[in-house]
Every structure is written in C-alpha cells, then in structure tokens.
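Engineer: Once you've had a glance at the structure underneath, I'll fire off some questions.
The values are calculated or read from the model by the stated rules, or taken from the named source; none is laboratory data. These figures come from a predicted structure and were not determined experimentally. Neighbour counts are summed over all protein chains in view; Cβ atoms, including those assigned to glycine, are modelled from backbone coordinates with ideal geometry. Remember, those area values only see protein heavy atoms, side chains included, never the ligands or the DNA or RNA. Shrake-Rupley method; radii C 1.70, N 1.55, O 1.52, S 1.80 Å.
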Amino acid sequence: MTQIKEVIQVLEHYAPPAYQESYDNSSLQVGNPDAEVTGVLVTLDCTEEVVQEALDQNCNLIVAHHPVIFKALKSLTGKTVVERIILKAFQHNIAIYACHTNLDHVHNGVNAKLCAKLGIENTRILAPKPQLLTKLETYVPLEDTQKVLDALHAAGAGQIGEYSDCSFRITGTGRFTPSAQANPHIGEPCKTEETIENKIEVVFPSFKQNQIMRALLQAHPYEEVAHYLVALQNENQEVGAGMVGELKEALSPEAFVQHVKESLEITTFKHTAWPKEPIKRVAVCGGAGSFLIKNAKQAGAQVFLTADLKYHEFFEAGTQMALLDVGHYESEVYTKELFYDILIKTFSNFAVNLSYINTNPVRHS
C-alpha cells in the first residue's frame with residue numbers, strides 16, 4: 001500500500017518546498033495525505049475537466065504544476081471556478097498536489113525539460129539563488145573523523161554539483177577542561193586535556209540543517225560537540241531561475257524558427273528581430289520570464305525563449321538578443337512528462353497517467 005504522503009515525499013525530494021517563492025503555494029491542497037493511492041494523474045493545470053478525467057481513470061491523486069489554490073479562500077460554495085474544482089475533488093475523495101516554483105528552480109526541473117525538448121546542451125542555471133547554503137565547522141578526534149563525515153554525507157552534506165562527499169579538514173590541537181560532572185570521551189574530569197583533532201568543514205543546503213545536526217550529534221563521540229554554522233552568501237549553482245546553454249549546431253534564424261515549432265509542437269510565436277549571426281547560445285525560462293532578460297543578455301544568449309512578455313518588454317531585447325514569447329502553456333506543458341518520469345521510477349503498484357486534456361485557456365484564431 002502506498003499512501004499519498006509517500007508520493008509527495010518523492011516529489012519533494014526532487015523539488016524541495018524550501019525552494020519555492022514566498023508568494024507560491026506548492027503543497028497538498030486537497031485531500032488526506034494518509035489515503036492509499038489508487039492512481040496518479042499528472043497535469044499542468046487542475047481544472048474541473050481534469051478532476052473528471054482523474055475520476056474516470058480511477059486516480060485519486062492529481063499532481064499539477066500550477067496550484068489551484070493560489071489566493072486565500074473565504075468560502076466554499078461553488079460560486080467560482082476554483083471553489084467548484086475543490087468541491088468536486090472533495091466529493092470524490094480526489095487529492096490535489098501542486099509542485100510549482102520549487103520545480104522551476106531546481107537544475108533538473110521545468111527549464112531542464114524545456115532545454116531537453118529544444119536540444120539545448122551544456123546547460124547551467126541562468127540566475128542562481130544566493131543565501132541557500134550553510135557551512136558546518138566542527139572538531140573531531142582523528143580516529144572518528146571518517147565516521148562523522150560519512151554520517152554528514154549520508155544526511156545530505158558535501159554535495160557540490162557533480163561532486164559528492166566534499167569536505168575540508170585540517171589537523172590541530174584541541175584543549176579543554178571537563179567539569180566534575182562531565183563524562184569526557186577523552187581525558188578526565190577537572191583535568192586540562194590537549195588532543196590532536198581534525199577540524200572538518202562541509203557545505204549543505206540550508207533547509208537540511210536539522211537533519212545535518214542530528215547526524216552530527218549522533219555520530220560524534222564527544223559529550224559536548226563544538227561546532228559553528230555559517231550562513232553563506234554564495235550562489236547555489238543548482239538552484240535558481242531560467243537556464244542557458246548551446247544548441248548542438250548553430251542555426252540560421254529560418255532554421256531556428258522551424259526547430260522551435262517542431263520541438264515544442266507549436267505553429268506560431270511572437271518574437272523580436274533575429275541576430276545577424278547563426279543562433280547557437282539560447283536561454284530559456286518556462287512561464288513568465290521577463291525578469292530574466294538582463295540575465296540572458298549577460299550570459300551571452302543570442303535568443304531568450306520564455307512567455308508572458310508585455311509589449312514594452314520586447315524593447316528590452318535591443319540589438320543584442322532576440323526575445324521569443326511562445327506562450328505560458330506551451331513553455332510548461334512538458335512538465336507533465338517530468339512528473340511522470342519521476343514517479344514511474346519509484347512506484348510500480350499503481351498507474352501514473354498523463355492528462356490528455358489541453359488546459360490552455362488561450363485560443364488563437
């Protein structure tokens with residue numbers, strides 16, 4: 001038996017809620033987390049039609065990218081679209097979970113999927129987020145150093161990009177005097193002691209602090225564990241907005257237009273004037289990305305593909321870079337495939353289905 005909360009744990013391990021924007025509402029929005037999962041339906045948006053689709057397919061959990069509850073609700077009478085969606089889900093015991101800006105911000109999230117669709121390689125986060133990392137410093141007897149490091153690494157410390165088990169150590173002399181009530185690992189009460197220790201340092205995502213500290217205290221042999229936690233200003237290169245990379249081959253503007261249409265299965269999009277040189281370096285941001293225009297320029301992008309651009313924002317492209325607005329739905333619809341791939345790797349005892357409903361409210365005539 002798999003419970004809804006177990007599915008959520010898998011998704012939140014992939015896209016930690018700590019990485020969502022303050023205005024966002026990524027969470028279980030409707031339903032009982034302890035309920036057994038009969039099936040999962042993944043979608044970009046949760047609409048009344050999607051709830052009916054879940055009901056028809058015996059799926060009691062909908063995983064959506066966009067939260068259906070974004071603003072505070074003051075009633076549940078069915079007078080608005082959102083209220084009707086929630087009431088219908090409640091009536092049929094269907095849970096709704098949203099994974100939004102936290103999935104936008106991880107390096108293997110929405111923008112990585114968009115890059116994969118467009119064949120963009122050698123990617124990096126366009127605007128990495130600062131103040132998301134913490135450094136731990138602690139002092140350990142030589143013979144216990146590896147045991148403590150192993151515990152810290154297992155708890156999530158020391159992962160830097162493609163490198164794991166990262167740490168720094170330096171050997172020195174520790175000095176202390178245990179009190180009469182102490183039970184020292186080294187030395188005797190009321191007697192000053194000097195011993196050779198390793199000072200070790202590891203870096204970890206700040207939201208993991210509690211589990212890192214539990215691992216430290218459990219693995220460390222000392223009765224009192226001297227340690228320092230330092231909040232870092234460093235940008236976390238694996239968390240942030242947008243993505244930039246290169247196409248396999250440089251394309252002429254005409255070829256690039258056709259490439260975008262075929263890759264994203266669209267027939268039209270808005271754009272500014274094309275650069276004179278063949279297009280190789282491309283930046284993307286699924287959804288509304290106008291706030292990243294300056295970042296895309298600074299990254300040397302010849303094209304910035306995003307959505308929801310306003311008229312005056314197109315002027316910001318200047319002559320350095322072309323701006324493309326492919327549409328909000330069109331830039332994020334493949335998030336469904338991302339959810340699907342994450343879940344089928346872990347769960348095999350229930351169906352994970354892609355929603356076949358086009359939830360795009362925008363029509364072109």
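Engineer: Looking for whichever is farther than 20 Å from ASN102 by Cα, surrounded by fewer than 21 Cβ atoms within 10 Å (Cβ to Cβ) and without any contact (Cβ under 8 Å) to a residue 40 or more places away in the chain here; the options are HIS312, HIS259. Which one fits?
Structural biologist: On inspection, the qualifying residue turns out to be HIS312.
Engineer: So which residues in the range 1-16 are open to solvent by less than 30 Å² (accessible area, probe 1.4 Å) and either closer than 15 Å to GLU36 by Cα or part of a helix (DSSP H, G or I) (or both), if there are any at all?
Structural biologist: Within the range 1-16, THR2, ILE4, VAL7, ILE8, LEU11 meet the criteria.
Engineer: Which residue out of ALA116, ALA35 is of a type in the set (A, V, I, L, M, F, W, C), within 30 Å of LYS280 (Cβ to Cβ) and open to solvent by 10 Å² or more (accessible area, probe 1.4 Å)?
Structural biologist: Going through ALA116, ALA35 in turn, the sole match is ALA116.
Engineer: Just to be sure I understand, how many residues within the range 201-244 are aromatic (Phe, Trp, Tyr), in contact with a Ser or Thr (Cβ under 9 Å, 6 or more places away or on another chain) and over 30 Å from ALA299 (Cα atoms)?
Structural biologist: 1
Engineer: In addition: Could we say that LYS79 is surrounded by fewer than 23 Cβ atoms within 10 Å (Cβ to Cβ) and not in a loop (DSSP other than H, G, I, E, B) here?
Structural biologist: So LYS79 does not fit the description; no.
Table: residues versus (1) in contact (Cβ under 8 Å) with a residue 12 or more places away in the chain; (2) out of contact with any Leu (no Cβ under 6 Å at 6 or more places or on another chain); (3) under 29 Å from PRO128 (Cβ atoms).
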residue	(1), (2), (3)
LEU28	yes, yes, yes
ALA35	yes, yes, no
VAL40	yes, no, no
GLN52	yes, yes, no
ASN60	yes, yes, no
SER75	no, yes, no
LYS79	no, yes, no
VAL82	yes, yes, no
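Engineer: Across the range 277-301, what is the total count of residues that are buried (at least 23 other Cβ atoms within 10 Å of the Cβ) and not hydrophobic (A, V, I, L, M, F, W, C)?
Structural biologist: 2
Engineer: If you go through the range 308-338 one residue at a time, how many are among the hydroxyl-bearing types (Ser, Thr, Tyr) and within 25 Å of THR47 (Cα to Cα)?
Structural biologist: Number of matching residues: 4.
Engineer: Take the residues in the range 82-106 that are in a helix (DSSP H, G or I) and touching a Ser or Thr at 6+ places or on another chain (Cβ under 8 Å), then tell me which one is surrounded by the fewest Cβ atoms within 10 Å (Cβ to Cβ).
Structural biologist: GLU83
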